[in-house]
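Since every read-out is calculated from the coordinates, none of them should be taken as a lab result. Source: prediction; values computed, not measured. Cβ sites come from the backbone with ideal geometry, for glycine too, and all protein chains shown count toward neighbours.
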Amino acid sequence: MKITFDYTPEQIELVKAMASKNRETAYEAQAALAVLIQPMLAEVINQAPVLSNLFTEIRFNKDDNVSIPLDLYYDVTDEDYVEVWSQAQAGGLPTSTVLPTMSEMKLSTYSLDTAVSFDKKYAAKSRLDVLSKTMTRVVQEILLKQNRMSANVIMTSLANAETNSKKHVQRTQNPGYFVLQDLNEILTLAKRILTSWYGGTPDSRGRGITDLIVSPEIVEKIRSMAYNPINTNTGPLGGTSAEGIVAPDEMRMSIFRNAGIPEFYGISIMEFNEFGVGESFNTVFDTAAGSTSFTDATGGNTGVFDGATEQVLVGIDRTRDSLLKAIAVDEDDGTFSIAVDDQWSVRQGKIGWYGGLEEGRVCIDDRALVGKII
């Protein structure tokens, strides 16, 4: 991600004015830049291809008490049917709130803030590259915090999810491997989990998973399907190619041509460095899972998740209104605000801004989440 400024005469003069010895002139120039760049920063934050933007946005006015009418999202009246996972504060552990469906859930929100600064000498020299890096850092810090909040909600919901006596997370039948059979199994699991209100076939039936969130190592295993056997019925997975059957030529060539693997088996692949053995999001799932025991699709290979040697991938059905993000808007319908940081004295020779947003995240239907332990 990179935010850049054009070297136009107007922008150069605006940046130079921020270094003016006249404090009012400098302040007005900084404020003018904040007004100019605020909508762009908000757009970047809301459209960046990150974990936090898997959440559907719900807007509310600042200082309002945001709530979600759960009865509009479900058609059953059984108490305990809806299990909601949400955070009360930034960085907090999501907690489960079991509510009857004919209820309105109040959602706690929190503020995500950031502050940046640089020396006035860069503004005096019209260093737009320094200004670009500064604003890029503003976006990066907000996105980093949003990703942490999102991972807490998603991983806690997934680790504790159980529907129709089925846990939403399965193990692979062969530890350390991820093959087509494993993907096929979680597609079936998603369909078994996602039933109609009476436990039967829903009126609209899709794949059950639209996106897979995986580590770079899992993408490596997907690429390896271009040259490794994929059959699991003849011979062991670790055997020679003579004992297995390779993927069809068309599929193997497609993998060769698309080394980045943006889509596989009709499912969008999202690759995150925070996923994988020993990585941060993997650790969040490990903590949330606790002593919960998971099995493979056949009921065997039982064990507690160990984040030091195992990793989890997450499947999400984005066609369902499951992951919601309530975000506050101001009088100008803006979600992100940035203002001049006036804490600097003349002697310090600094220029700065601070900004942030108010939001709350919640998973109101964990049936949209499935996982696989490798």
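Numbers at a glance
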{"read-out": "Intensity falloff of the range 122-182 expressed as log10 I(q)/I(0), Debye formula with alpha-carbon point scatterers, at q = 0.19 Å⁻¹", "value": "-0.86"}
{"read-out": "Nonlocal amide H pairs with Gln170, under 5 Å, H built at 1.01 Å", "value": "Gly371, Lys372, Ile373"}
{"read-out": "Radius 14 Å from Cβ of Gly299, net charge of other residues (Lys, Arg +1; Asp, Glu -1)", "value": "+2"}
{"read-out": "Approximate spin-label separation Asp332-Glu10, in nm, with each point projected 7 Å along Cα-to-Cβ", "value": "1.5"}
{"read-out": "When the range 293-374 is reduced to its Cα atoms, the Kirkwood hydrodynamic radius in Å", "value": "17.7"}
{"read-out": "Separation in nanometres of the label points that stand 7 Å from Cα toward Cβ, at Thr295 and Thr56", "value": "3.3"}
{"read-out": "Net lengthening on full extension, Lys21/Lys106 (0.36 nm per residue, minus Cα-Cα)", "value": "25.7 nm"}
